[in-house]
Amino acid sequence: MLTDDYLGRGRSLGEARVLFEIGRDGANVRDLRARLLLDSGYLSRLLRSLERQGIATSERAAGDARVRRVALTRKGRREWDALDRRSQDLAASLLTPLGESQRARLIAAMAEVERLMRASMVTIEPIDPGSADARACIEAYFRELDARFEAGFDPARGPSADPGELVPPAGLLLAAYLDGQAVGCGALKVKGRRFGEIKRMWVAPSARGLGIAQRMLEALEKYAADIGLDKLQLDTNRTLDEARALYARNGYVEIAPYNSNPYAHHWFEKRGLRKASGQGARSSRRPA
């Protein structure tokens with residue numbers, strides 16, 4: 001991997017990885033850049049090198065002149081197949097000397113490393129509730145609720161969390177990003193001088209298992225404490241077992257209904273946010 005002859009194909013790991021990510025179906029340059037976290041200039045140099053070798057071609061995407069699309073040539077597709085075979089052979093050579101239980105342990109360990117490394121690439125940041133990413137996340141959230149709830153879901157029937165209610169100081173909307181794509185959201189709605197409500201907690205199925213919901217909840221709680229809130233409330237549906245488990249392990253206790261949400265079966269509350277935030281800040285300054 002440290003030479004210019006990755007898997008014996010006469011090119012660096014960087015070029016081989018870009019070639020493999022282009023794939024047999026091609027890819028947009030901006031998607032490659034986001035997926036591989038590459039600087040625009042560096043990716044351009046790698047693509048030009050592949051074009052000079054006759055492996056790839058690029059052109060403006062049909063219907064959008066702002067987007068460049070890269071595709072493999074016939075030679076590039078043969079090279080993709082060769083890389084795939086040699087990668088499989090390398091994996092087999094590493095696994096063959098091991099016993100069956102050792103192989104299972106190695107594969108499980110590699111899967112765990114990959115999962116944790118992907119989790120480390122997730123960023124959580126404030127987002128404009130009227131943006132395209134915000135609308136996409138919230139619409140996906142509504143579709144999932146409609147599929148999971150016994151009688152479907154109509155957002156107009158529940159308590160409001162309109163875009164204007166999720167902009168500071170009235171509230172906050174956070175989005176989680178992975179590989180340049182919005183894969184989750186969570187919101188805080190300020191309801192009084194000292195308390196607020198958690199809304200719109202959702203993570204895309206493709207990104208679940210990476211701890212995003214936990215990080216989202218912690219970020220919302222920190223923001224709430226920073227602006228002087230001391231209590232958070234939320235409601236949830238009985239079909240959302242994973243949501244109830246998340247809130248329970250984070251210190252939310254079930255309370256009597258505080259609204260008339262027709263989709264809610266459980267209501268939760270957490271107090272002492274400012275105190276907990278202060279303790280966390282003090283503990284973070286302790287010497288290791």
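The values are calculated or read from the model by the stated rules, or taken from the named source; none is laboratory data. Owing to the predicted nature of the structure, the values given are computational and were not obtained by experimental measurement. Note that each Cβ is placed from the backbone with ideal geometry, even for glycine, and that neighbours are counted across all protein chains shown. Ligands, DNA and RNA are excluded from the accessible area calculation, which covers all protein heavy atoms including side chains. Shrake-Rupley method; radii C 1.70, N 1.55, O 1.52, S 1.80 Å.
If I take R0 = 30 Å and measure r between the Cβ atoms of D133 and N261 in this structure, what FRET efficiency does the formula 1/(1 + (r/R0)^6) give, to the nearest 0.05? It comes out at approximately 0.70. If you wrap the tightest convex hull around every Cα atom of the chain and split its volume per residue, you get 211 Å³. For a modelled paramagnetic label at R35, 7 Å from Cα along Cα-to-Cβ, the residues of segment 58-76 in reach, with backbone nitrogen under 18 Å, are 58-62, 67-74, 76.
May I ask for the net charge around L95, where only other residues with Cβ less than 12 Å from the Cβ of L95 are counted and Lys, Arg are +1 while Asp, Glu are -1? Don't skip to the answer; put the middle values down first.
Values: positive: R103, R105; negative: D89, E100.
So the surrounding residues net to 0.
What shape does segment 1-71 have by the C-alpha gyration tensor, where a ≥ b ≥ c are the square roots of the eigenvalues, rounded means a/c under 1.5, and otherwise prolate means a/b greater than b/c and oblate the rest? Judged from the Cα gyration tensor, segment 1-71 comes out prolate (a/c at least 1.5, a/b above b/c). Probing with 1.4 Å while keeping every protein chain in the model, the per residue accessible area of the chain equals 58 Å². Within straight-line reach of K199, meaning a Cα separation under 22 Å, sit the following lysines at least 8 residues removed in sequence or on another chain: K189, K191, K222, K231, K270. Between V253 and L106, the modelled label-to-label distance comes to 5.2 nm, taking each label 7 Å out from Cα in the direction of the beta carbon. Three principal axis extents of segment 1-127 based on alpha-carbon atoms, in descending order, are 53, 44, 26 Å. Expressed as an acute angle from 0 to 90° and rounded to the nearest 10, what is the orientation of the C-alpha long axis of helix 132-148 relative to the principal long axis of the chain? Tilt relative to the chain: about 70 degrees. Overall, the chain carries a charge dipole of about 620 debye about its Cα centre when +1 sits on the Cβ of Lys and Arg and -1 on the Cβ of Asp and Glu, all other atoms neutral.
Suppose R0 equals 35 Å; then what is the FRET efficiency for V167 and T239 from their Cβ-Cβ distance, rounded to the nearest 0.05? Mind dumping the intermediate values first?
Working: r = 30 Å, r/R0 = 0.86.
Rounded to the nearest 0.05, the efficiency is 0.70.
Note on the chain: GNM, Cα springs under 10 Å; of G41, G23, G180, the largest mean-square fluctuation is that of G41.
Just the protein heavy atoms count here, and of the accessible area of segment 16-156 at 1.4 Å, carbon and sulfur take up 51 percent. Contact order for the chain, expressed relative to its length and based on alpha carbon pairs under 8 Å spaced 6+ residues apart, stands at 11 percent.
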